[in-house]
1. Per the helix-only calculation at 222 nm, which mean residue ellipticity applies to the chain, given -39500 (n - 2.57) for every DSSP H run of n ≥ 4 and division by its residues, nearest 500 deg cm²/dmol?
2. What list do you get for T92, T53, T72 if you sort them by fewest beta carbons within 10 Å?
3. Angle between the Cα long axis of helix 52-61 and the longest principal axis of the chain, 0 to 90 degrees, nearest 10?
4. For the chain, find the longest principal axis of its Cα atoms and tell me its angle to the long axis of helix 120-129, 0 to 90°, nearest 10.
5. I need two numbers for the stretch 3-69: Rg to one decimal and Dmax as a whole number, Cα atoms only, in Å.
6. Any idea which of Y99, L89, S69 is furthest toward the positive side of the dipole for the chain, if Lys and Arg beta-carbons carry +1 and Asp and Glu beta-carbons -1?
7. As an exercise, identify the GluC sites (Glu not before Pro) in the stretch 61-143 lying in DSSP coil whose Cβ has no more than 12 other Cβ atoms within 10 Å.
8. Placing +1 at every Lys and Arg Cβ and -1 at every Asp and Glu Cβ, with all other atoms neutral, what dipole size does the stretch 3-69 have around its Cα centre, in debye to the nearest 20?
Amino acid sequence: MAVRQLSIFLENRKGRLEAIASILAQASINIRALSVADTSEFGILRLIVEDVTAAEKALRDNDVVLNISEVTAVEINNQPGGLAKVLGLLNTTSINVEYMYAMAEPKRDNPVLILRFSEPKVAREILRQGGAVLLGEEDLGMK
């Protein structure tokens, strides 16, 4: 199951994150997860939102350049070794984890990680066969 993620290239200057958050707030779009990777000059804001289509429209209407990509949401057992077990399923493959970040998901007992793989379809199948719990957009309350 793939989950759509918004990626926004931002200048690393005061007020840019607040501007994005305000655009989404004014459009009544809830941010479910986010990650910011930055350098001294720019950053990439990655977002999981409840309504991807509405968020894309609101952001583009405000001249925000963005990309929509697919990521994988995996439920991790909330115990020592939970992450290692999931990542271990991919250990014997050539699949690389390009990045990952956590998602607040109050309706689930266990934490949820958002992962971007070098080979997402293959990675999801390996995880599924290994018994990992993969979540789709409907599981995360997305539209």
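1. Numbers: 4 runs with 38 residues, N = 143.
Calculated at 222 nm, the ellipticity per residue is -7500 deg cm²/dmol.
2. Values: T92 8, T53 12, T72 24.
With the fewest neighbours first, T92, T53, T72 line up as T92, T53, T72.
3. Result, in degrees: 30.
4. 40 degrees
5. 11.0, 31
6. L89
7. Values: sites: E70, E75, E98, E125, E137, E138; in loops: E137, E138.
Answer in residue order: E138.
8. Numbers: 8 positive and 9 negative charges, 19 e Å.
Around 80 debye, computed over the stretch 3-69.
Throughout, read-outs are computed from the coordinates displayed, never taken from laboratory work. Just so you know, these numbers come straight off a predicted model, no measurement behind them. Please note: Cβ atoms are built from the backbone with ideal geometry, for glycine as well, and neighbour counts cover all protein chains shown.
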